[in-house]
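Here, each number is a calculation from the coordinates, and none is a lab measurement. Only a predicted model underlies this, so the values are computations on that prediction, with no experimental measurement involved. Here the Cβ positions follow ideal geometry from the backbone for every residue, glycine too, while neighbour counts run over all protein chains shown.
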């Protein structure tokens, strides 16, 4: 039997109503009474066998303590300022009797209304005057019947014609005016229009613009390659790249800085014993040349794939830059890889050389895998403190003993790689399946200009910290390219295992000015008594890698005064979306798209979604068009075509966009839970559960169910001393019901000692 779209939608709505009724514990008879229909008719509605009138849907919504939109569309309304519904749009339900109903304000939360018919007389003189604005408690919906109506809500203006409507929070300044030469008739649906006038919505404080360093009195390092235009607040509105055909970071940025200001600090490094090493730009220039000459002598050539498993050793920086000089392709990898992981990486990346830490068991894991991979021609071991190594296995070479013998200069030649030549391969996080390898060119460092200057907000005379292992893209977001483009120094602490109590005193001791850490680190820091530490030197803080729960934002700010600026990007990109310097910051939002990236949110058909609607984050571009965006997956054209087609790069992440253009994270596309006709993002539920004081970590996933399709499952790590009882499970479930729509609560709650994570710290939901 073929079911048409309308019948299918009615069946879904019936399923949603039944799910909510069961959650609320109401009988068929009780719901029939509450909705003013017979029990037989109510059952037919639940089964999708009867037409659902608007009156019935709204009575169900009232009885079940949800918004009608949640029954109609299976999603939660999010907007709280205004929503526009054009003629023919909106949430539509057809009856068999030919009637059509439109919900004209579906994305708006907590709707209440009272209709009025209004005639706005056209006044030609008023067209040149400021709109007279008013405020009153409640909400308002204006629906134009004839004529043209200009509506202002806050700083936003919309022109509405016949059939158009606008729904907005009337506690914000607003006004209406007939335009285009004729009177306008419209319905005004208002609640409490004559209550007292309220102040307009408070605005968040602007993010301060970055300080200008002494080097900026000369030509900025990035100026020959980047044209940037800023608004009056210092936020970039246009970023354009130039002279990139032969760009090579080591020659065009590092060496230029080394010549201009040889004594300027590039990196302050602390080893495991907290021994300090200071490297100037001149030091890094010389050391990277030594590495390049050393690698050339060993037979490493342009295009060779060289794996780097170096934790946070200071040697990583000159080694990477040395590879950049000769055109060998660096392939960073975490030291947490095991033999089976090396097996995959060696084969997938066609690795010809590995440079590996001598600390721990990583080297032996690589050695065992290397014996099965004859293409691995060269193996180099690095002792983290700079000493020599005794009793190296097999044909491993000792980096520290050998590289210092080579010349500290390497002139640029005509065939020096640069521009679109491949420079760097990143393994993606691999939360589902094996990781892919994102390819980046020599122009990739330029793409991190805005990462450092406008998101990290680095101070060229300060000290920046990004907490990240060099095996992941996040390290090169925050420990090298963008920061040095802006003339800023980085602090690197080569710890073995993160301990907030170990790191936090270093911030005060070394007067760190800007700080970036992934959400996992911020969550661990939140569990500390931050009042014990002086963090006053931090002028700007940021996070990316995965969404950060709002409770962490609140706790960090309440304890330290530090406001964390979220950003969004991938191993395949630089920062795509962020809370940037000079702009307004919205608590918990990812921010706005960066000027470089034409970001959009689309539905399953690739069509742009409306404001407030959840969809997939995409970039409207073709390969090679955006500096900083990857060029494809190495040796996986099918995977490249899967995510990059029809002029869109599909990120696989979902979000919604509010009235002001800010993006709000929902979750990975594969992580969305489909239960009883509802689409549920796990991040929202995780954020609610994280508010509970006895919860350390939480991961929400789906569990198959024959009746509902999928169930919501919460895997929770409790604080020490908290017992995971059945009573506590019920308490958590009830708390979620109170804070979200009832259908979102976790029917399954399990307590775990830890959650499965990738080596980069991301929760693997498929293993929960």
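Data table
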| item | result |
| --- | --- |
| Average Cα contact separation per residue, the range 245-442, under 8 Å, 6 or more apart, as relative contact order % | 23 percent |
| Label zone at residue 757, where the point sits 7 Å out along the Cα-to-Cβ direction: the range 513-557 residues whose backbone N lies under 11 Å | 518-525 |
| The range 224-255-the range 333-380 distance, computed between alpha-carbon centres (Å) | 36 Å |
| Folded to 0 to 90 degrees: helix 726-739 orientation relative to the chain principal axis, Cα | 70 degrees |
| Per residue, the convex hull volume that the Cα atoms of the range 676-751 enclose (Å³) | 80 Å³ |
| DSSP bridge orientation in the chain - percent antiparallel, rounded to nearest 5 | 70 percent |
| Point-to-point label distance, residue 110-residue 748, nm (Cα→Cβ direction, 7 Å offset) | 3.5 nm |
| Helix 339-349 vs. the chain, principal-axis angle (Cα, 0 to 90°, nearest 10) | 90 degrees |
| Shape call, the range 1-76: gyration tensor on alpha carbons, a/c limit 1.5 | oblate |
| Range of Cα positions in the range 571-666 per principal axis (Å), largest first | 41, 29, 18 |
| The chain: angle of helix 550-560 to the longest principal axis, Cα-based, in degrees nearest 10 | 60 degrees |
| Debye log10 I(q)/I(0) at q = 0.06 Å⁻¹ for the chain, Cα point scatterers | -0.43 |
| Proxy reagent accessibility, fewest Cβ within 10 Å first, across 651, 730 | 730, 651 |
| Among 370-377, 482-489, 247-254, the order from most to least packed when residues are scored by Cβ within 10 Å on average | 482-489, 247-254, 370-377 |
| Full-extension gain in nm, residue 705 to residue 412, via 0.36 nm per residue minus C-alpha separation | 99.2 nm |
| Calculated P(r) tail over 20 Å for the range 371-503, as whole % of Cα pairs | 67 percent |
| Potential extension, residue 496-residue 118 segment - 0.36 nm per residue separation minus Cα distance | 129.2 nm |
| Cβ-based exposure ranking for 540, 510, 456, in which fewest neighbours within 10 Å come first | 510, 540, 456 |
| Pairwise FRET efficiency - residue 155 versus residue 127, Cβ, R0 = 22 Å, nearest 0.05 | 0.70 |
| Contact order relative to length of the range 630-768, as percent, for alpha carbon pairs under 8 angstrom and 6 or more apart | 17 percent |
| Burial ordering of 119, 516, fewest other beta-carbon atoms within 10 Å first | 119, 516 |
| Efficiency of FRET between residue 183 and residue 40 - r from beta-carbon atoms, R0 51 angstrom, step 0.05 | 0.55 |
| Distant alpha-carbon pairs in the range 245-442 (separation over 32 angstrom), percent | 13 percent |
| Whole-angstrom gap from the range 109-166 to the range 422-489, using each part's C-alpha centre | 47 Å |
| Alpha-carbon Rg with Dmax, taken over the range 450-590, Å | 13.7, 38 |
| Sites residue 137 and residue 22, calculated FRET efficiency, Cβ-Cβ separation with R0 41 Å, nearest 0.05 | 0.70 |
| Helix-only CD estimate at 222 nm, as mean residue ellipticity for the chain, using -39500 (n - 2.57) per DSSP H run (n ≥ 4) | -6500 deg cm²/dmol |
